[in-house]
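This report concerns only the one structure given below.
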Amino acid sequence: MKLSLIVPCYNEEGNVEKFFSEVNRVFEGKVSDYEFVFVNDGSKDKTYQRLKHIYNSFNDKYNIQVLTFSRNFGKEAAIYAGLSKAVGDLVCLIDADLQQRPEVVLEMLEVMASDEDTDCVTAYQESRKENKLISGFKSVFYKLINKISDVDFVNGASDFRLMKRVMVDAILQMTEFHRFSKGLFSYVGFNTKYIPYEVCERESGETKWGFRKLFKYALEGIFAFSTMPLKFATFIGLLSSVCSILYLIVVVIQKLAFGIDVPGYATIVVLLLLIGGLLLFCLGIIGEYLSKMYVQVKNRPVYILKEHLKNGEEVE
Ligand code: UDP
Ligand code: MG
């Protein structure tokens with residue numbers, strides 16, 4: 001069975017060569033038929049040159065594909081491109097920075113082989129070795145998204161996973177522009193097993209996921225896999241209508257029964273601001289969905305390939 005390793009690379013000049021040699025060292029005598037699918041996601045450093053060097057030096061000995069994007073399209077797009085071009089019966093997503101060790105891929109292969117009913121083996125982090133604020137934020141996100149969406153999200157489960165071809169084909173059928181792979185993996189179903197793994201330190205370079213990017217990514221996930229924010233907007237609208245009717249009733253009773261005039265100006269200003277704010281907030285939520293639909297309707301490609309190297313020939 002052929003195994004494809006999909007390796008998204010964005011500014012990984014210090015890692016790709018080490019990654020390549022580590023995989024070959026670890027797989028030696030254990031995995032015989034495998035290919036590398038490196039996706040150079042518009043790197044601005046020397047990643048392209050390093051990948052080309054690997055390709056030129058080793059493509060007669062190893063199966064190597066190098067996809068180069070015309071610019072940075074993001075990891076999700078890189079994963080999608082890799083999945084589209086991989087030819088393996090088994091496909092594994094793995095980062096280029098050696099934080100996810102190739103030894104774990106061997107474990108995944110064993111778990112997959114031990115039960116033919118398993119379609120996917122996913123590695124999850126038992127303990128997160130990261131900033132407390134970020135890991136707290138991630139667990140709040142998982143709690144929230146599991147409540148408001150129909151799809152199950154497992155806290156700590158990464159993109160680091162091995163999948164059978166049937167599952168890969170199912171994911172490829174989802175051609176949506178705003179891709180949130182963690183959701184797509186769950187959405188397509190299939191039998192998934194989880195194995196713990198320890199995230200290693202980055203070999204070189206730094207993470208591309210700062211707090212702002214993570215927050216944006218979390219919102220992407222919520223808007224891609226839940227319509228709850230829209231229902232929330234309806235709920236706020238309903239609640240503020242009911243409150244204002246109750247308030248009106250109280251004001252009328254006060255006036256008719258006790259002759260009390262309600263001081264008008266300040267109340268009106270506060271209510272106007274409050275209602276105006278709520279309206280804009282709800283419009284914003286609708287706008288989020290609308291903007292996503294707008295981009296989707298344009299039907300633009302998820303990524304643009306500049307070059308595709310495969311088995312001694314330039315494909316595109
Ligand atoms: N990556 C990518 N495109 C991007 C950002 C990241 O292809 O726009 C790749 C990156 O090169 C790495 C993987 O995605 O192989 C994970 O990124 P990173 O290590 O920065 O994330 P972390 O491990 O910190 O979550
Ligand atoms: Mg990393």
- Expressed in whole Å with the largest first, what are the equivalent ellipsoid semi-axes of the chain derived from the C-alpha gyration tensor as the square root of 5 times each eigenvalue? 50, 20, 18
- Item | Sites matching GluC sites (Glu not before Pro) across segment 42-132 that sit in DSSP coil, with at most 11 neighbouring C-beta atoms within 10 Å | Glu116, Glu126
- Query: With θ set to phi - 60° and the Karplus curve 6.51 cos²θ - 1.76 cosθ + 1.60, what are the ³J(HN,Hα) couplings of segment 180-188 in order, to the nearest whole Hz, using x for Gly and Pro?
  - Reply: 10, 4, 3, x, 4, 4, 6, 4, 6
- Query: If you plug each phi of segment 7-17 into the Karplus form 6.51 cos²θ - 1.76 cosθ + 1.60 with θ = phi - 60°, what whole-Hz ³J(HN,Hα) values come out, in order, with x for Gly and Pro?
  - Reply: 10, x, 10, 10, 6, 10, 4, x, 10, 4, 5
- Using only the Cα atoms of segment 167-247, build the gyration tensor, take square roots of its eigenvalues as a ≥ b ≥ c, and label the shape rounded, prolate or oblate: rounded if a/c is under 1.5, else prolate if a/b is larger than b/c, else oblate. prolate
- Message: Quick query: amide H of Lys306 versus all other amide H atoms, modeled in the peptide plane; which residues come in under 5 Å with a sequence gap of 5 or more or a different chain?
- Response: Thr68, Phe69, Ser70
- Message: Nearest 10 degrees is fine. How inclined is helix 264-298 to the longest principal axis of the chain, computing both from alpha carbons?
- Response: 30 degrees
- Task: Pop out the carbon and sulfur fraction of the accessible area of the chain as a percent, whole number, probe 1.4 Å.
- Result: 60 percent
- Query: So, counting K/R as plus one and D/E as minus one, what does the shell of residues with Cβ under 11 Å around Tyr194 add up to?
  - Reply: +1
- Rounded, prolate or oblate: which one fits segment 1-152, using the alpha carbon gyration tensor with axes a ≥ b ≥ c (rounded when a/c is under 1.5, else prolate when a/b beats b/c, else oblate)? oblate
- Task: Name the residue, out of Ser127, Ser241, Ser226, whose mean-square fluctuation peaks in a Gaussian network model built on the chain with Cα pairs under 10 Å.
- Result: Ser241
- Message: 5 Å is the cut-off here: which amide hydrogens, built 1.01 Å from N in the peptide plane, fall below it relative to Glu35, excluding neighbours closer than 5 in sequence?
- Response: Leu3, Ser4, Leu5
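Using a ≥ b ≥ c from the Cα gyration tensor of segment 68-139 (square roots of the eigenvalues), is it rounded, prolate or oblate, where a/c under 1.5 gives rounded and otherwise the larger of a/b and b/c decides, a/b for prolate? The partial results should precede the final answer.
Values: a/c = 2.15, a/b = 1.08, b/c = 1.98.
Verdict is oblate for segment 68-139.
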- Item | Over 27 Å between alpha carbons, listed pairs Lys18/Lys208; Lys208/Lys306; Lys30/Lys132; Lys216/Lys310; Lys44/Lys132 | Lys30/Lys132; Lys216/Lys310; Lys44/Lys132
- Query: Whole-Hz Karplus ³J(HN,Hα) for segment 241-251, in order, using 6.51 cos²θ - 1.76 cosθ + 1.60 and θ = phi - 60°, x for Gly and Pro?
  - Reply: 5, 4, 4, 5, 5, 4, 4, 4, 4, 4, 4
- Toward the positive end of the charge dipole of segment 163-307, about the Cα centre and with charges on Cβ (Lys, Arg +1; Asp, Glu -1), which of Cys200, Ile304, Thr234 goes farthest? Ile304
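Grab the beta carbon distance between Asn56 and Asn131, set R0 = 51 Å, and tell me the FRET efficiency rounded to 0.05.
Rounded to the nearest 0.05, the efficiency is 0.80.
With every protein chain left in place, what is the accessible area per residue of the chain in square angstrom, probe 1.4 Å?
On a per-residue basis, the chain sits at 55 Å².
The values are calculated or read from the model by the stated rules, or taken from the named source; none is laboratory data. These numbers come from a predicted model, not from an experiment. Cβ coordinates were reconstructed from backbone atoms using ideal geometry, including for glycine residues, and neighbour counts include every protein chain displayed. Note: accessible area is taken over every heavy atom of the protein model, side chains too, but ligands, DNA and RNA are not part of it. Shrake-Rupley method; radii C 1.70, N 1.55, O 1.52, S 1.80 Å.
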